[in-house]
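A quick write-up on the structure given underneath.
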Amino acid sequence: MESNGIRAGKAMQELPVLENAVVGVADGKIAYIGADASIPADRVIDCEGRLVTPGLVDPHTHVVFGGSREHELSLKLQGVPYLEILQRGGGIHSTVEATRIARKEALYKKAAFHLDRMLSHGTTTVEAKSGYGLEIDTERKQLEVVKELQEQHAMSIVSTFLGAHAIPASHKENPDAFLDEMLNMLDAIKEENLAEFVDIFTETGVFTVAQSRRYLQRAKEKGFGIKIHADEIDPLGGTELAAELGAISADHLVGASDKGIKDLAESGTIAVLLPGTIFYLNKESFARARKMLDDGVAVALATDFNPGSSPTENLQLIMSLAALKMNMTPEEIWNAVTVNAAHAIGRGHEAGQLIVGRQADLVVWNAPNYMYIPYHYGVNHVHTVVKGGRIVAEAAGKGLSF
């Protein structure tokens, strides 16, 4: 996987594979890739009959939050509408309240648990969004937790400020004033290096295209990369806005219009698709990945890990859903969870590919080839996870050699 740059459209069908190869790691970096098995080593991981790939990259998660929402599942199964769940104190407002009252130490411990689980499933680089504060103090608290995790956890973590995740009840009549409050945080966030990207939820009932344009333009002027939760439900125009502003990614895109898809292909903005969310919400319409790929869009995949609409840390499951529900090929899927996912969070220069000289982030899988992972769904195929040249996760018993 040594070719440079994002892979878009038909190029996502290309997946270089070496048979009977050796990967050498020294001083935390990849030192050798080739066929010479005689290179001396202090430790050898026997990969006979197994697959070795770059560490997976998850470019859209909400990993820092308080509480959980399993009690809402039975309500959903009874057909209780989301708005009624909100009125009963559930939904995003439940998570916001739990996050507000949680101490930083508790949020850190909980997020570290989820990150550990991601590592155990083969993810070695992840994006983490704020957005469960909806006011200055809690948004800052989430970002500070992410920064501490960046410094202390084995996972490579990219921080995104999603203060504009929803309209808090206190600003229902004046969402622009709320956006101004969030914008007023940006100077301090930049100065303290609390986030690299700024995101906003552009959707019916949340923020309009006009509001999102003003917000993201300001963020861009202050030196942030920009991302958009776009057209998750309705074709509102968030996809077109992402392309217009040169966002690094547009995420969700279930309702993206034909024009929006065309604009993404022309702009180079990466489409981050989240089939786990649609699956968990039990909806029928998934993002039109096949249309995007045929039109030349660069596609990435992510878990959207969060307590309300996609409570899973398992990117392998998302790979299976991409095949079964969005008609993506195994080659496209692997590019979508490695190289393109890395570029979607500004890490294309260091993650998502096996290249001599790069940090040694790689996974040994209990699988005979790359097609096996999306095919055999619902289990963890990891044999060994190596992060920065250090083993950070191993399967119990190590599994079967094919």
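Read the figures in this text as sums done on the coordinates, not as results from a lab. Keep in mind it's a predicted model, so treat the numbers as computed, not measured. When we count neighbours, we look across all protein chains shown, and the Cβ atoms used for this are built from the backbone with ideal geometry, even at glycine.
Which aspartates and glutamates, if any, have their Cα less than 12 Å from the Cα of LYS325, not counting same-chain residues under 8 positions apart?
Within the straight-line limit of under 12 Å, LYS325 reaches these aspartates and glutamates: GLU284.
Between ARG390 and ALA11, 0.36 nm times their residue separation minus their Cα-Cα distance comes to what?
133.3 nm
Of the cross-linked pairs LYS141/LYS283; LYS29/LYS222; LYS110/LYS141; LYS10/LYS262; LYS109/LYS147, which ones have a Cα-Cα span greater than 24 Å in the structure shown?
With Cα atoms farther than 24 Å apart: LYS141/LYS283; LYS29/LYS222.
Restricting to DSSP loop positions (anything but H, G, I, E, B) with no more than 15 other Cβ atoms inside 10 Å of their own Cβ, which GluC sites (Glu not before Pro) remain in segment 201-296?
Those that pass, being in a loop and sparsely packed, are GLU284.
For segment 1-62, go through all pairs of different Cα atoms, get the mean of 1/r, take its inverse, and jot down that Kirkwood value in Å.
Kirkwood radius, segment 1-62: 14.4 Å.
What's the exposure ranking of LEU15, LEU273, LEU293, LEU73, going from fewest to most Cβ atoms within 10 Å?
With the fewest neighbours first, LEU15, LEU273, LEU293, LEU73 line up as LEU73, LEU15, LEU293, LEU273.
Nearest 500 deg cm²/dmol is fine: what mean residue ellipticity at 222 nm does the chain get from its DSSP H runs of n ≥ 4 alone, each adding -39,500 (n - 2.57), divided by its residue count?
The per-residue figure over the chain is -10000 deg cm²/dmol.
Go ahead and collect, in residue order, the members of segment 332-367 whose backbone nitrogen is under 20 Å from a label point 7 Å along the Cα-Cβ direction of ASN193.
345-351, 359
So how far, in whole Å, is the C-alpha centre of segment 299-334 from the one of segment 36-79?
11
First measure r as the distance between the Cβ atoms of LYS283 and LYS109, then evaluate 1/(1 + (r/R0)^6) with R0 = 35 Å and state the FRET efficiency to the nearest 0.05.
0.60
Along the Cα→Cβ direction, 7 angstrom out, place labels at ALA21 and SER257. What is the inter-label distance in nm?
In this crude label model, ALA21 to SER257 measures out at 4.3 nm.
Could you tell me what percent of the DSSP beta bridges with both partners in the chain are antiparallel, to the nearest 5?
Of all bridge pairs located within the chain, approximately 40 percent are antiparallel.
Considering only C-alpha atoms, what is the centroid distance from segment 80-123 to segment 350-402, in Å?
Between the Cα centres of segment 80-123 and segment 350-402 lies a distance of 28 Å.
Give me SER3, SER68, SER267, SER310 ranked fewest to most by other Cβ atoms within 10 Å of their Cβ, as a rough exposure proxy.
SER3, SER68, SER267, SER310
What does the C-alpha gyration tensor say about the overall shape of the chain? Classify as rounded when a/c is under 1.5, otherwise prolate if a/b is larger than b/c, or oblate.
Here the chain falls in the prolate category.
Taking 0.36 nm per intervening residue step and subtracting the Cα-Cα distance, what contour gain separates LYS172 from THR204 on full extension?
Fully extending the segment from LYS172 to THR204 adds 10.1 nm.
Quick one: grab the alpha carbon gyration tensor of segment 295-397, order the square roots of its eigenvalues as a ≥ b ≥ c, and give me rounded if a/c is under 1.5, else prolate or oblate depending on whether a/b is larger than b/c.
Note, shape of segment 295-397 comes out rounded.
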